[in-house]
Every structure is written in C-alpha cells, then in structure tokens.
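Read the structure below first, then the notes.
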Amino acid sequence: MAYELKLFSGNANRPLAEEVARYLHLPVSDADVSRFSDGEIFVQVNENVRGADVFVVQPTCPPVNDSLMELLIMIDALKRASAHRITAVLPYYGYARQDRKVQPRVPITAKLVADLLEAAGVDRVLAVDLHAAQIQGFFNVPVDHLFANPVIIEYLGKKDLRDPVIVAPDAGGVERSRAIAKRLKAGLAIVDKRRDGPGVAVVMHLIGDVKDRDAVVIDDMIDTAGTLIQAVGALEREGARRILACGVHPVLSGPATERIISSALEEVVVTNSIPVPAEKQHARLTILSVAPLLGEAIRRIHYEESVSTLFV
C-alpha cells in the first residue's frame, strides 16, 4: 500500500521547510502553529493525514524551548489524527551538548529530549550533524544521521585554496575534520584545547603544520564563537596564510558576530540548518543550503530506498 507523503513545518525554520518542499515538488502541508494569549502553543492540522507518511521539519534552535514544544505538540496532533508514520526532521538537535555526565549532579539532556520525542509519538528521526554520534543510541526508534560534509566539501572545492590544511578546533572534531581533509586531499591539524568552564575555551597549542598554508577550521556548530576565535589565534601565531571556518549550525549567540567580524577570519561558512537573522548576517558569512540533502533523504525514506550513500 502506498502511503501519501506529507511535509509539515513548525515556526523554527519555515524557509528551509519550503526549500525541502520545492525539492520534493510538494507543498508544505497546512497546519496552524500559534500561541494562546498566555503563551501556550496551539496546533491544529488543517488537512487529512490519516494513513499518511508525515515528515515534520523543525530544528530545535533558539528559542529552543519554544521550538521543542512546538515539535512535541505537532507530533502529538499528527499521532491523534491517525498519521501512519511520523518522522521528526531535525536539522539541528538542541540540548545535545549535555550528552553524558562529566561532573556530579548534572542532567543528560540529549537523552531527555529523545525520551520526550518518543513519548510524543515519533516513529523515526532524521537529524543533521548531531553534536555527538552516540545520541543515536538514546532513541528506541530508527535514526538517520546525515552530515553536511558533502555541501561543505563542494563549496570548499571551488575555493582557490593553496596547500590547504583542515583544522579540528578540539579533539572531538578530529573525525569530522579528517573526513573532509581526505576528500579535499588536504592536510590535517588539531588544536589542543582545555575547557575551563561552559562557553570558556583555552587553547594550549597546535598539532600540525599550518605555516604559509590556507587553514580551514571545521566544527559542528558556532555558538558564541569562543572556541573558533581561540583556534584562529593559534593559527595566526603559527603563521597560517589565510584562515577560514566552517560550522554546520550557526547558533551565533551572544558576542559571536562581533568576535567573528573583529577576528582574522576571511570567511565563515555555515548552513541554513538554523535561520540566521538579518542583523547577524555580514559580508564574511556564507550560508549554504542543506535542503537538497534533507529532501533526498526524505524521498528515500518514503520510498524505502537506501539512505546510506548520504552518510558521508
């Protein structure tokens, strides 16, 4: 039996959902996602979804709690409307940084969010560049974990980079940086970093040769840009010729924009997994689209085709 494909969107990143819909040659399905006067979220699905294969595009990005609650309430509404299957499409998975206990009496919020999604009634999850790959194991439903690497690699491949070296800003980013370096036939460097507290990074030294080379710092997200700017400082001291940065998720909170503009960074490349407000956009910021990647994954999941070729 063929189940109809339907694509819904919350308010977190509707432009991305519309791009995905255009890739799939579908409209974004009709649903009201608004607020009661006291701020509670109201959701009403305005079309028949009985027996449908439903995908809900909603990154849990700032305002994180509102975006998450919208997603949970939409899933509940769709479940109660008898959708055949509900897939949460998470271009950005919020609360992912607390994925393990690193000190006493702290939560594991990445697991908590997974539990909430399952309790709401989600049947599977499609995510992009999770902060930690083990988050997949927090779910008891299938998780398809996509990477924005192909989008970033295609863009960097068109840049005139001379003797490039891909830089991991910390030990956790080595695997991602190594994969991109291999595809670009570039060198690899690692910033040895010690974190003294949340949002505070202290760079110790650089492992690898960047002198007179074009350095590209690769990370999964750019939040306050503290880690990124520390890495840029280390690259400057070691004599890098040009310094660029790529971050999949442009959280860009607090002083991030000011730090980037006042730094030696030539360009910062991000994706549209999170919408970047106009006031945070500037000449050094390049935004790439992950809509074709998500659209192709949704198409393959719907038609029960292999998605593994997208996991690169």
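What residue, of ARG14, ARG80, ARG22, ARG50, is basic (Lys, Arg), within 24 Å of VAL251 (Cβ to Cβ) and at pLDDT 95 or above?
None of the other options fit; the residue is ARG14.
Mind telling me which of the residues VAL248, VAL276 ends up being touching a strand residue (DSSP E or B) at 6+ places or on another chain (Cβ under 6 Å), among the β-branched types (Val, Ile, Thr), crowded, with 19+ Cβ neighbours inside 10 Å and not in a helix (DSSP H, G or I)? Working first, answer last.
Details: VAL276 fails: crowded, with 19+ Cβ neighbours inside 10 Å.
The conditions single out VAL248.
From the list VAL217, VAL312, VAL269, VAL248, exactly one residue is at pLDDT 95 or above, in contact with a Pro (Cβ under 8 Å, 6 or more places away or on another chain) and closer than 30 Å to ASP144 by Cα. Which is it?
VAL217 is the lone residue from the list that is at pLDDT 95 or above, in contact with a Pro (Cβ under 8 Å, 6 or more places away or on another chain) and closer than 30 Å to ASP144 by Cα.
Give the residues of the stretch 230-245 that are of a type outside the set (A, V, I, L, M) and in a loop (DSSP other than H, G, I, E, B), sorted by residue number. Before the answer, list the steps.
Taking the stretch 230-245 and keeping what is of a type outside the set (A, V, I, L, M), we get 230, 233, 236-239, 241-242.
Residues satisfying the conditions are GLU238, GLY239, ARG241.
Working only within the stretch 78-113, note down all residues that are part of a helix (DSSP H, G or I) and surrounded by fewer than 19 Cβ atoms within 10 Å (Cβ to Cβ).
Once the filter is applied, which keeps residues that are part of a helix (DSSP H, G or I) and surrounded by fewer than 19 Cβ atoms within 10 Å (Cβ to Cβ), the stretch 78-113 yields LYS79, ARG80, THR109, LYS111, LEU112.
Which residue, of VAL89, VAL102, is under 23 Å from GLY137 (Cα atoms) and free of Cβ contacts under 8 Å to residues at least 24 places away in the same chain?
On the way: VAL89 fails: free of Cβ contacts under 8 Å to residues at least 24 places away in the same chain.
Exactly one of VAL89, VAL102 is under 23 Å from GLY137 (Cα atoms) and free of Cβ contacts under 8 Å to residues at least 24 places away in the same chain, namely VAL102.
Select, from GLY226, GLY239, the only residue that is over 19 Å from the mean Cα position of the chain (by Cα) and without any contact (Cβ under 8 Å) to a residue 60 or more places away in the chain.
Details: GLY226 fails: over 19 Å from the mean Cα position of the chain (by Cα).
None of the others qualify; the one that does is GLY239.
The values are calculated or read from the model by the stated rules, or taken from the named source; none is laboratory data. What you see is a predicted model, and the numbers here were worked out from it, not measured in a lab. For neighbour counting, all protein chains shown are included, and Cβ atoms are generated from backbone atoms with ideal geometry for every residue, glycine included.
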